[in-house]
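Read the structure below first, then the notes.
The values are calculated or read from the model by the stated rules, or taken from the named source; none is laboratory data. Because the structure is a prediction, the values reported are computed rather than measured. Cβ atoms come from the backbone with ideal geometry, glycine included; neighbour counts cover every protein chain shown.
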Amino acid sequence: MSSTVETLSKKLSWLPPGLSRWMERRMKSIPALRKMVEKEQEDITATLEHSLKPYHNTFERHKILPKQGIERGKIMDDIRKMHELESSRWQEGYVSGGIYHGDAEHIKFLNEVYALHSQSNPLHSDLFPSATKMEAEIVSMVATMLGKGQTTDNKDVVGTVTSGGTESILLAMKTYRDRALEEKGIEYPEMIVATTAHAAFDKASQYFGIKMVRVGIDENFRMNVKEAKQAINRNTIVIVGSAPTFPHGAIDPIKELSDLALANDIGFHTDCCLGGFVIPFAEKAGINVPIVDFRLPGVTSISVDTHKYGYAAKGTSVILYRGESLRHFQFYTITDWPGGLYFSPTLAGSRPGALSAACWASLLSMGEDGYTKASKSIVETANQIKAGIKTIPELKLFGDPLFVIAFGSDTVNVYEVLDQMTNRKWNLNGLHKPSCVHIAVTLRHTQPGVAERFISDLRDSVEYVKANPGNKEGSAPVYGMAASLPFRGMVSDILKKYLDVVYKA
Ligand SMILES: Cc1ncc(COP(=O)(O)O)c(C=O)c1O
């Protein structure tokens with residue numbers, strides 16, 4: 001992909017930067033230019049297929065249903081082989097985020113729970129009252145971690161189980177949109193979000209027609225409160241803060257922002273997808289962390305991911321609200337459908353009760369003490385990694401994060417450092433605007449020797465890049481060229497091509 005983006009970028013370098021979508025469409029209607037773009041996109045697809053489909057030549061491909069069912073043992077063999085090929089990197093702690101617990105015994109336990117409940121569907125509460133019990137208790141346990149029973153206005157904290165952080169965020173934004181229309185008649189709703197807030201908010205803006213007002217960050221990568229204040233107008237329905245942000249792990253000034261929202265009678269959402277299971281337990285462990293939850297009077301909703309630091313299997317999150325009346329704007333009901341009286345709490349209809357069962361089991365088996373110990377060791381490991389990064393003069397740490405650590409450089413190309421880390425088996429996240437790399441510290445990194453290995457590999461990677469700058473392969477050229485492409489829509493088209501390839505059998 002890198003060389004193709006590079007070629008494309010060079011060919012289009014005569015165009016001025018920052019072309020509008022309209023200009024871009026006009027330019028692409030020029031036949032020669034369109035042909036060139038199409039040709040480049042074909043090349044991209046071919047390059048991507050090679051890197052995204054490593055099993056093409058090693059496992060049989062099934063583009064259509066087998067005429068006769070394949071023997072279960074043979075299917076299991078293939079599944080096991082792929083699992084083995086993919087596990088060692090995360091098991092040994094080479095991956096940023098991704099797998100948050102990863103201990104074999106914990107996984108085995110969750111899998112047993114899943115297997116028992118694999119047919120369960122919370123949509124059919126009459127058939128599966130266990131799913132209803134478990135989901136209600138998940139919400140109650142998570143709400144209590146985040147201020148239920150301690151609100152200054154004595155309001156209850158309620159919520160629902162969702163499929164992940166993105167769904168929790170989508171639902172919250174839809175909820176504010178619908179409340180604003182019904183209670184205030186707001187037809188052109190706006191949300192105020194930092195540039196560093198998760199992409200899920202942009203998705204909510206696109207899906208639900210809510211205008212996104214982006215505000216900047218301060219020198220510590222935290223949302224700028226002054227800019228947020230200036231952005232409020234009579235169409236504002238919600239302000240969003242993150243605890244912490246995905247890119248730099250910064251905890252936005254939640255108290256100041258939620259006070260601002262309260263004073264202006266608008267909603268405030270804390271995105272605790274990453275921090276919801278770390279911050280409250282770090283507080284219990286005596287670590288100095290800010291309050292980001294419903295104990296603050298202005299916080300009206302929180303997204304918190306059980307499938308991240310809650311250590312559940314992938315596919316669950318919780319969205320919480322201050323009070324049932326706000327939650328009502330999330331619920332869907334239809335009263336005159338021939339299929340019967342229909343209602344559902346979240347985006348999906350039928351849902352995997354087994355994932356809720358595994359989530360419930362994870363919460364119970366970890367308990368308060370388990371999460372407190374986990375948070376303490378994650379923060380300690382993060383401190384060790386931060387201290388190590390500070391000893392590498394070419395690198396600079398971004399802000400003062402708790403457990404998601406971003407670093408950049410003024411002297412070496414940080415994406416080349418990222419590529420060198422990849423060569424050393426690491427799987428870290430490359431970020432841009434500004435250019436940096438991050439590692440989300442998980443329980444995998446608290447294993448003996450992992451933090452030391454990270455720092456030593458990072459030091460070696462920086463030394464290598466200093467001695468051999470200008471790598472032509474890997475992510476460095478992609479980030480460089482993607483930033484310089486005059487057509488932003490074209491970058492977007494390339495990403496869509498990527499997804500086309502993902503779904504090519
Ligand atoms: C701060 C934050 N919010 C939201 C999300 C979205 O979560 P998901 O990927 O589960 O949809 C993430 C994911 O990393 C996140 O870090």
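Considering SER3, SER20, SER13, which residue is small (Gly, Ala, Ser), more than 30 Å from ARG453 (Cβ to Cβ), surrounded by fewer than 11 Cβ atoms within 10 Å (Cβ to Cβ) and modelled with pLDDT under 95? Let's see the steps before the verdict.
Values: SER3 fails: surrounded by fewer than 11 Cβ atoms within 10 Å (Cβ to Cβ); SER13 fails: surrounded by fewer than 11 Cβ atoms within 10 Å (Cβ to Cβ).
None of the other options fit; the residue is SER20.
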- Residues located in the range 251-274, provided they are small (Gly, Ala, Ser) and in contact with a Phe, Trp or Tyr (Cβ under 8 Å, 6 or more places away or on another chain): SER258, ALA261, GLY267
- Query: Considering the range 296-316 alone, what residues qualify as being within 13 Å of the ligand (Cβ to nearest atom) and part of a loop (DSSP other than H, G, I, E, B)?
  - Reply: ASP305, THR306, HIS307, LYS308, TYR309, GLY310, ALA312, ALA313, LYS314, GLY315, THR316
- Query: Exactly one of (1) at positive phi; (2) within 20 Å of the chain's Cα centre (by Cα); (3) buried (at least 21 other Cβ atoms within 10 Å of the Cβ) is unmet by GLY164. Its number?
  - Reply: (3)
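Looking at ALA348, ALA451, ALA406, can you tell me which residue is at pLDDT 95 or above, under 24 Å from the mean Cα position of the chain (by Cα) and in a helix (DSSP H, G or I)?
After ruling out the rest, the residue left standing is ALA451.
Being within 24 Å of CYS272 (Cβ to Cβ) and in contact with a Phe, Trp or Tyr (Cβ under 9 Å, 6 or more places away or on another chain) is the filter here; which residues of the range 119-148 pass it?
So the first thing to find is which residues in the range 119-148 are within 24 Å of CYS272 (Cβ to Cβ), and the list is 122, 134-148.
Answer for the range 119-148, where residues must be within 24 Å of CYS272 (Cβ to Cβ) and in contact with a Phe, Trp or Tyr (Cβ under 9 Å, 6 or more places away or on another chain): PRO122, MET134, GLU135, GLU137, ILE138, MET141, VAL142, ALA143, MET145, LEU146, GLY147, LYS148.
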- Query: Which one of these is farther than 30 Å from GLU368 by Cβ, of a type in the set (Asp, Glu) and at pLDDT below 95: GLU71, GLU86?
  - Reply: GLU86
- Residue that is nearest to GLY310 (Cα to Cα) [pool: residues in the range 429-452 that are of a type in the set (D, E, K, R) and surrounded by fewer than 18 Cβ atoms within 10 Å (Cβ to Cβ)]: GLU452
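Every residue in the range 97-107 that is out of contact with any Ser or Thr (no Cβ under 8 Å at 6 or more places or on another chain) and under 18 Å from GLY310 (Cβ atoms), please. Break it down stepwise before answering.
Taking the range 97-107 first, the residues out of contact with any Ser or Thr (no Cβ under 8 Å at 6 or more places or on another chain) are 103-105, 107.
Matches in the range 97-107: ASP103, GLU105, ILE107.
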- Message: Looking at the range 181-192, can you tell me whether even one residue there is buried (at least 23 other Cβ atoms within 10 Å of the Cβ) and without any contact (Cβ under 8 Å) to a residue 60 or more places away in the chain?
- Response: yes
- Task: Within the range 265-276, work out how many residues are in a strand (DSSP E or B) and within 16 Å of the ligand (Cβ to nearest atom).
- Result: 5
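Restricting to the range 46-100, name every residue that is away from the ligand (no atom under 16 Å from the Cβ) and either touching a Leu at 6+ places or on another chain (Cβ under 8 Å) or hydroxyl-bearing (Ser, Thr, Tyr) (or both).
Within the range 46-100, THR47, SER51, TYR55, THR58, SER87, SER88, TYR94 qualify.
Evaluate the range 354-372: report whether one residue or more is in a helix (DSSP H, G or I) and touching a His at 6+ places or on another chain (Cβ under 7 Å).
The initial filter retains those residues of the range 354-372 that are in a helix (DSSP H, G or I), namely 354-372.
Retained after the next criterion (residues that are touching a His at 6+ places or on another chain (Cβ under 7 Å)): 354, 357.
Scanning the range 354-372 turns up at least one residue that is in a helix (DSSP H, G or I) and touching a His at 6+ places or on another chain (Cβ under 7 Å).
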- Within the range 25-45, identify whether any single residue is surrounded by 11 or more Cβ atoms within 10 Å (Cβ to Cβ), closer than 21 Å to ASN427 by Cβ and at pLDDT below 95, and answer yes or no. no
- Any idea which residue in the range 456-485 is modelled with the lowest pLDDT, counting only those that are surrounded by fewer than 17 Cβ atoms within 10 Å (Cβ to Cβ) and either touching a Pro at 6+ places or on another chain (Cβ under 8 Å) or under 30 Å from SER375 (Cβ atoms) (or both)? SER484
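Might you check whether a residue that is among the hydrophobic types (A, V, I, L, M, F, W, C) and touching a Phe, Trp or Tyr at 6+ places or on another chain (Cβ under 8 Å) occurs anywhere in the range 288-295? Please lay out each step first, then the result.
So the first thing to find is which residues in the range 288-295 are among the hydrophobic types (A, V, I, L, M, F, W, C), and the list is 289, 291-292, 294.
Subsequent filtering for residues that are touching a Phe, Trp or Tyr at 6+ places or on another chain (Cβ under 8 Å) retains none.
No, the range 288-295 contains no residue that is among the hydrophobic types (A, V, I, L, M, F, W, C) and touching a Phe, Trp or Tyr at 6+ places or on another chain (Cβ under 8 Å).
Quick one: which of GLY323, GLY267, GLY310, GLY276 is modelled with pLDDT of 95 or more, of a type in the set (Gly, Ala, Ser), surrounded by fewer than 21 Cβ atoms within 10 Å (Cβ to Cβ) and within 30 Å of SER350 (Cα to Cα)?
GLY323
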- Task: Determine which single condition LYS203 fails, assuming it passes every other condition in (1) buried (at least 20 other Cβ atoms within 10 Å of the Cβ); (2) touching a helix residue (DSSP H, G or I) at 6+ places or on another chain (Cβ under 9 Å).
- Result: (1)
- Within the bounds of the range 423-434, is there any residue that is touching a helix residue (DSSP H, G or I) at 6+ places or on another chain (Cβ under 7 Å), at pLDDT below 95, in a loop (DSSP other than H, G, I, E, B) and more than 30 Å from LYS284 (Cα to Cα)? yes
- Give GLY164, GLY73, GLY149 a once-over and let me know the one that is free of Cβ contacts under 8 Å to residues at least 60 places away in the same chain, closer than 30 Å to GLY298 by Cα, out of contact with any Pro (no Cβ under 9 Å at 6 or more places or on another chain) and not aromatic (Phe, Trp, Tyr). GLY149
- Message: So in the range 409-441, with the set limited to residues that are among the β-branched types (Val, Ile, Thr) and over 20 Å from the mean Cα position of the chain (by Cα), which one is farthest from VAL462 (Cα to Cα)?
- Response: THR422
